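Have a look at the structure below before the remarks.
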Amino acid sequence: MHPRILEVTERLVERSRATRERYLELIRGAASDGPMRASLQCANFAHGVAGCGAQDKQSLRMMNAANVAIVSAYNDMLSAHQPYQHFPEQIKQALREIGSVGQFAGGVPAMCDGVTQGEPGMELAIASREVIALSTAIALSHNMFDAALMLGICDKIVPGLMMGALRFGHLPTIFVPGGPMPSGISNKEKADVRQRYAEGKASREELLESEMKSYHSPGTCTFYGTANTNQLVMEVMGLHLPGASFVNPYTPLRDALTAEAAQQVTRMTKASGSFMPLGEIVDEKALVNAIVALHSTGGSTNHTLHIPAIAQAAGIQLTWQDMADLSEVVPTLSHVYPNGKADINHFQAAGGMAFLIRELLDAGLLHEDVNTVAGHGLRRYTQEPFLEEGKLVWREGPRQSLDESILRPVARPFSAEGGLRVMNGNLGRGVMKVSAVAPEHQVVEAPARVFHDQQSLADAFKAGELERDFVAVVRFQGPRCNGMPELHKLTPFLGVLQDRGYKVALVTDGRMSGASGKIPAAIHVCPEAYDGGPLARVRDGDIVRVDGVEGTLQIMVSAEELATRDLPTAPQGNDLGMGRELFGFMRVAFSSAEQGASAFTSALEQLK
């Protein structure tokens with residue numbers, strides 16, 4: 001093992017010792033020696049099986065079958081989740097074939113960030129993760145289940161399912177992906193049309209045609225944003241079946257993997273003799289593996305929020321510094337849009353997860369000695385699934401990349417370090433995704449231009465006010481102020497200015513999309529402006545230095561002068577309309593970005 005991987009893992013174990021032990025006590029105490037439903041009173045049990053067919057009802061009554069909870073984020077609004085419409089019946093049938101039962105335990109909400117980008121509904125995104133966690137807990141609260149299957153893919157959905165499921169960590173659990181849509185037009189062509197539209201050189205009809213050729217069918221969007229980063233993280237943590245992440249929907253192999261996940265989770269129950277609950281899989285080593293995979297692929301910056309929140313739900317105290325220290329020694333091995341021109345289908349064809357995991361394991365950058373849903377040891381995940389005469393089998397994955405412009409071995413990385421940088425300075429603490437930013441653009445020192453929302457920057461661009469070097473400070477976008485919406489709308493405007501030769505950067509207490517790149521952006525800055533953080537005291541014209549090489553975030557104004565400046569009033573009106581008024585209680589409870597922007601942090605403090 002690489003000494004840095006061991007060092008970070010060991011300090012994570014030591015820092016989390018008390019809370020992790022308390023968490024394990026809780027989930028082990030919740031585990032039963034037999035089917036959970038056996039402890040229910042007769043009326044409770046009768047309610048729980050009343051809606052079942054005769055065969056399933058009899059199986060559950062005899063207590064000799066595993067009862068598997070199905071928790072799904074299906075809806076038609078998310079192309080990635082549309083295939084889940086058909087999964088519950090496939091799962092139930094696969095379980096009946098081995099004498100077990102599946103019950104649809106509950107649905108969880110799933111909003112599409114792609115639809116809500118730049119709209120008021122985006123301000124509910126982080127809150128939706130917490131609602132998903134709560135909904136998952138409600139679905140599993142009936143105490144009828146021996147195991148669970150989680151059906152979710154996209155941005156806040158997988159983290160929310162994880163956070164909720166980990167509170168029921170005594171249950172064996174598998175996450176079941178749906179797969180990416182087939183490739184549409186190239187990501188470069190899509191980005192070019194977006195930039196031309198921002199410059200007024202493309203019509204809305206051209207833009208719409210381009211977007212619909214890119215997002216064109218059921219399945220996950222094919223760029224390497226948060227949704228596909230979720231899938232990669234779940235697989236490297238051993239929570240998917242090996243090779244399941246990036247198989248296209250509505251294919252025989254996808255269906256076979258779904259059925260196998262249903263049957264495999266029953267083999268993990270206590271009755272099977274191979275008990276492996278979720279809480280025993282998600283440990284310090286698994287989280288370090290997730291972070292290594294994130295860095296090695298230049299994954300979504302949203303995971304600097306989600307992975308700490310997931311860790312907290314498992315009793316583990318993870319910090320951005322842990323993530324930064326790992327980034328220093330993990331090479332970047334893949335270039336998928338926005339870090340490159342390829343999409344996730346190209347990544348899969350070039351060698352995919354099997355090649356990536358083998359390279360990282362052989363370099364001592366991943367812990368092999370971990371629990372997974374496929375058994376003990378991560379080496380199993382260097383294999384790929386195939387169908388042989390209709391039967392699902394696994395074979396060794398490729399030992400060489402089939403396209404080194406997309407996926408490379410450790411011996412020839414795109415970069416010697418990972419894709420994320422922690423930014424520190426007198427403006428606060430944030431993160432930058434340096435893997436997507438060309439080296440010549442990673443350091444910007446220029447006058448600040450302050451904005452309180454995305455539209456103000458867009459208006460200034462259209463008015464020709466931004467034709468110069470500047471650092472855009474977009475503040476009052478943090479979790480406690482307006483729910484921390486993604487600021488993806490900024491990317492085309494800032495990208496155009498950078499292409500025109502100006503030195504531009506972004507500093508914000510908000511988020512950028514998992515698909516954002518190209519522009520040096522210090523994001524998730526905390527303390528946020530709403531809480532009186534230093535960003536609130538920046539004025540137009542202040543010189544700000546954003547240094548993605550050294551990881552520094554500085555305003556060239558003395559601490560004494562900053563302290564004398566009045567704090568501006570936060571923008572009004574973001575707490576009404578589009579349902580935002582319902583989430584005021586949650587915004588008040590949100591922790592800082594580094595703590596995961598979670599409303600549950602104070603509740604989970606009880607573990608200490």
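The values are calculated or read from the model by the stated rules, or taken from the named source; none is laboratory data. Quick caveat, the model's predicted, so the values are computed rather than measured. All Cβ positions, glycine included, derive from the backbone under ideal geometry; neighbour counts span all protein chains shown. Ligands, DNA and RNA are stripped out before the accessible areas are found, and what is left, the full protein with its side chains, is counted by its heavy atoms. Shrake-Rupley method; radii C 1.70, N 1.55, O 1.52, S 1.80 Å.
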Go through (1) in contact (Cβ under 8 Å) with a residue 60 or more places away in the chain; (2) over 31 Å from the mean Cα position of the chain (by Cα) for residue 53 and report which single condition fails.
(1)
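Rundown of residues vs (1) touching a residue at least 24 places away in the same chain (Cβ under 8 Å); (2) open to solvent by less than 10 Å² (accessible area, probe 1.4 Å), yes/no style:
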| site | (1), (2) |
| --- | --- |
| 5 | yes, yes |
| 11 | yes, no |
| 18 | yes, no |
| 24 | yes, no |
| 43 | no, no |
| 48 | yes, no |
| 75 | yes, no |
Members of the stretch 50-73 that are under 17 Å from residue 147 (Cα atoms) and surrounded by 18 or more Cβ atoms within 10 Å (Cβ to Cβ):
56, 59, 60, 65, 66, 67, 68, 69, 70, 71, 72
Check whether at least one residue in the stretch 286-298 is free of Cβ contacts under 8 Å to residues at least 12 places away in the same chain and over 23 Å from residue 337 (Cα atoms), and report yes or no.
no
Which residue is surrounded by the most Cβ atoms within 10 Å (Cβ to Cβ), if the candidates are limited to the stretch 493-520 and must be in contact with a Pro (Cβ under 6 Å, 6 or more places away or on another chain) and over 18 Å from residue 470 (Cβ atoms)?
517
Residue 476 under 29 Å from residue 588 (Cβ atoms) and either open to solvent by less than 10 Å² (accessible area, probe 1.4 Å) or within 23 Å of the chain's Cα centre (by Cα) (or both):
yes
Against the condition open to solvent by 10 Å² or more (accessible area, probe 1.4 Å), in a helix (DSSP H, G or I) and closer than 23 Å to residue 90 by Cβ, how does residue 261 come out, does it pass?
no
With the structure loaded, tell me whether residue 83 is open to solvent by less than 10 Å² (accessible area, probe 1.4 Å) and touching a residue at least 40 places away in the same chain (Cβ under 8 Å) or whether it fails that test.
yes
Enumeration of residues in the stretch 223-251 that are aliphatic (A, V, I, L, M) and either open to solvent by 10 Å² or more (accessible area, probe 1.4 Å) or in a loop (DSSP other than H, G, I, E, B) (or both):
227, 237, 239, 241, 244, 247
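Conditions (1) under 30 Å from residue 131 (Cβ atoms); (2) touching a helix residue (DSSP H, G or I) at 6+ places or on another chain (Cβ under 7 Å), marked per residue:
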{"position": "490", "(1), (2)": "yes, yes"}
{"position": "500", "(1), (2)": "no, no"}
{"position": "523", "(1), (2)": "yes, no"}
{"position": "565", "(1), (2)": "no, yes"}
Can you pull out every residue in the stretch 399-433 that is open to solvent by less than 30 Å² (accessible area, probe 1.4 Å) and out of contact with any strand residue (DSSP E or B) (no Cβ under 8 Å at 6 or more places or on another chain)?
409
Listing of strands (runs of 3 or more DSSP E) fully contained in the stretch 521-608 that carry 2 or more residues being surrounded by fewer than 12 Cβ atoms within 10 Å (Cβ to Cβ):
none
Matching strands (runs of 3 or more DSSP E) fully within the stretch 380-489 where at least 2 residues are among the acidic types (Asp, Glu):
383-388
Take residue 96 and tell me if it is under 18 Å from residue 139 (Cβ atoms), charged (D, E, K, R) and open to solvent by less than 70 Å² (accessible area, probe 1.4 Å).
no
Of a type in the set (A, V, I, L, M) and under 13 Å from residue 330 (Cβ atoms): does that describe residue 420?
yes
Modelled with pLDDT of 95 or more and under 28 Å from residue 343 (Cα atoms): is that true of residue 505 in this structure?
yes
Condition first: open to solvent by 20 Å² or more (accessible area, probe 1.4 Å), in contact with a Leu (Cβ under 6 Å, 6 or more places away or on another chain) and modelled with pLDDT under 95. Can you find one or more residues in the stretch 439-460 that meet it?
yes
Would you mind finding the one in 432, 353 that is within 19 Å of residue 242 (Cα to Cα) and in contact (Cβ under 8 Å) with a residue 60 or more places away in the chain?
353
Residue 299 fails exactly one of (1) open to solvent by less than 10 Å² (accessible area, probe 1.4 Å); (2) modelled with pLDDT of 95 or more; (3) within 22 Å of residue 364 (Cβ to Cβ), namely (2)
